[in-house]
1. Please compute the modelled spin-label separation between residue 153 and residue 134, points set 7 Å along Cα→Cβ, answer in nm with one decimal.
2. In nanometres, what is the gap between the two model label sites at residue 67 and residue 122, each 7 Å from Cα along Cα-to-Cβ?
3. Sorted by average packing, counted as other Cβ atoms within 10 angstrom per residue and highest first, what order do 135-141, 100-106, 22-28 take?
4. Fewest first, what order do 72, 112 take by the number of other Cβ atoms within 10 Å?
5. If I model a spin label as a point 7 Å beyond the Cα along the Cα-Cβ vector, how far apart are those points for residue 79 and residue 55 in nm?
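Throughout, read-outs are computed from the coordinates displayed, never taken from laboratory work. The structure displayed is predicted, hence computed values, not measured ones. Here Cβ is always computed from backbone atoms with ideal geometry, including for glycine, and neighbour counts include all displayed protein chains.
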Ligand SMILES: [Zn+2]
């Protein structure tokens, strides 16, 4: 019997690609290629990751599995937002981002995978929520006296408001 179109899942098994948290206690895998990939600029994901934005790869739930460390996974459910975020309880690495309106998908931070996931992150969500301090590829040059540090030279027409404290 065929599945309904709304729940179209892949028919062929995918080759798994493995990702892991920072400490390595939690390992997970998704099928290659991932369903899609995107940059999430929302305030909620920014806060949850402690970073300017989060980059995710979306996997069919049927192609996602935790292979090690299941007992170390802590889950934060935000009923109001309809989301659930999972973390490694040992090292704090964000592991999964699930959304109630998309129950067939599991979203995993792209950074957890060293290798290719089969999708380039060409999409942006909530870009209007991007903070003024996010880096957008502005030109940088070496900072004298600090090897390995580069900086953005001040410009005449700055996008940013320097009145704040970053
Ligand atoms: Zn960990």
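1. With each label point 7 Å from Cα toward Cβ, the separation is 2.7 nm.
2. 2.9
3. Details: 135-141: 9.0, 100-106: 14.3, 22-28: 17.7.
Packing proxy ranking, top to bottom: 22-28, 100-106, 135-141.
4. Least crowded to most crowded, the residues run 72, 112.
5. Taking the simple label geometry, residue 79 and residue 55 are separated by 3.6 nm.
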